[in-house]
Amino acid sequence: FNSVYLIVFMIVIGLTTSYCTKDDVATDQDSGYINLSNLYYQINDSPMEALSQGEINSLVYMREEEKLARDVYGTLYQRWKSNIFNNISSSEQTHMDAILHLLQRYNLPDPVASNEVGVFTNTILQDLYNQLVIKGNSSLSNAFQVGATIEDLDIFDLTQAMILVDNQDISLVYSMLTKGSRNHLRSFYRNILNVGGSYTPIYITQEEFETVIQGNMETGF
């Protein structure tokens with residue numbers, strides 16, 4: 001009698017464990033969560049150099065683009081209660097904070113200011129937020145697709161921005177953010193595969209995409 005209950009218990013535990021793996025729960029390092037204390041120390045230890053207009057524009061834009069990611073994931077978590085959205089939304093907050101530190105260091109205005117979730121100064125990002133939330137709310141599979149799309153865009157924009165940037169502190173932050181975005185893309189892609197889907201990159205090349213998803217989770221945040 002006891003052995004029968006033990007067998008049933010083990011089956012239930014096995015099924016529960018199997019089910020949990022379907023929802024990719026990332027660790028802090030996997031999700032791209034930045035240790036802000038360490039990063040701020042490195043930033044403050046870097047020289048303050050004159051900013052080009054391109055660097056100013058990229059900082060302002062990337063501050064809101066990281067907000068886009070945070071807000072979309074937070075909204076999709078409320079819809080689907082899938083842990084990946086909650087975990088990576090928290091990670092995106094650290095990405096936002098890292099850029100805010102740079103804006104404050106150079107006495108630049110913050111485009112986010114007191115804007116609430118889903119509200120953006122940049123009209124292009126506002127429209128993109130609206131479109132992504134509509135798509136992500138339609139199905140869990142589409143929600144994972146939205147996550148991959150945002151990280152695809154982030155990697156592309158950060159890579160392009162780093163071509164224009166020569167300030168050490170900005171390069172450091174953008175490098176950290178790009179690592180995080182690659183980790184996020186890997187996590188969302190695993191979830192897409194778990195639900196039987198696929199993803200074709202929109203912004204980075206197919207070759208770049210393959211390199212990312214075939215790579216290991218990156219550390220050093």
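The values are calculated or read from the model by the stated rules, or taken from the named source; none is laboratory data. Because the structure is predicted, anything quoted here is derived from the model rather than measured. Here the Cβ positions follow ideal geometry from the backbone for every residue, glycine too, while neighbour counts run over all protein chains shown. The accessibility values were calculated without ligands, DNA or RNA, using every heavy atom of the protein model including side chains. Shrake-Rupley method; radii C 1.70, N 1.55, O 1.52, S 1.80 Å.
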- LEU128 vs. criteria within 14 Å of the chain's Cα centre (by Cα) and assigned to a helix (DSSP H, G or I): no
- Note on the structure: Of the residues in the stretch 72-89, those that are surrounded by 17 or more Cβ atoms within 10 Å (Cβ to Cβ) and outside any helix (DSSP H, G or I) come to SER82
- Which residue, of GLU92, GLU116, GLU49, is open to solvent by less than 10 Å² (accessible area, probe 1.4 Å) and not aliphatic (A, V, I, L, M)? GLU92
- Hey, can you tell me all the residues within the stretch 154-209 that are among the acidic types (Asp, Glu) and under 20 Å from VAL72 (Cα atoms)? ASP154, ASP157
- Message: If I filter the stretch 174-214 down to residues being of a type in the set (Gly, Ala, Ser) and open to solvent by less than 30 Å² (accessible area, probe 1.4 Å), which single residue comes out as farthest from ARG63 (Cα to Cα)?
- Response: GLY197
- Message: For the stretch 121-140, give me each residue that is open to solvent by 30 Å² or more (accessible area, probe 1.4 Å) and either aliphatic (A, V, I, L, M) or within 23 Å of GLY196 (Cβ to Cβ) (or both).
- Response: ILE124, LEU128, ILE134, LYS135, ASN137, SER138, SER139, LEU140
- Message: For the stretch 24-46, give me the residue count where each residue is modelled with pLDDT of 55 or more and open to solvent by less than 70 Å² (accessible area, probe 1.4 Å).
- Response: 9
- Task: Give the residue that is nearest to the chain's Cα centre (by Cα), with candidates limited to residues of the stretch 52-71 that are of a type outside the set (A, V, I, L, M, F, W, C) and surrounded by fewer than 19 Cβ atoms within 10 Å (Cβ to Cβ).
- Result: TYR61
- Exactly one of LEU185, LEU102, LEU177 is modelled with pLDDT of 95 or more, in contact with a His (Cβ under 7 Å, 6 or more places away or on another chain) and assigned to a helix (DSSP H, G or I), and that residue is LEU177
- From ASP169, ASP110, ASP152, which residue is open to solvent by 20 Å² or more (accessible area, probe 1.4 Å) and either in contact with an Asp or Glu (Cβ under 6 Å, 6 or more places away or on another chain) or at pLDDT 95 or above (or both)? ASP110
- Answer with yes or no whether VAL146 is touching a Gly at 6+ places or on another chain (Cβ under 8 Å), of a type in the set (Val, Ile, Thr) and crowded, with 21+ Cβ neighbours inside 10 Å. yes
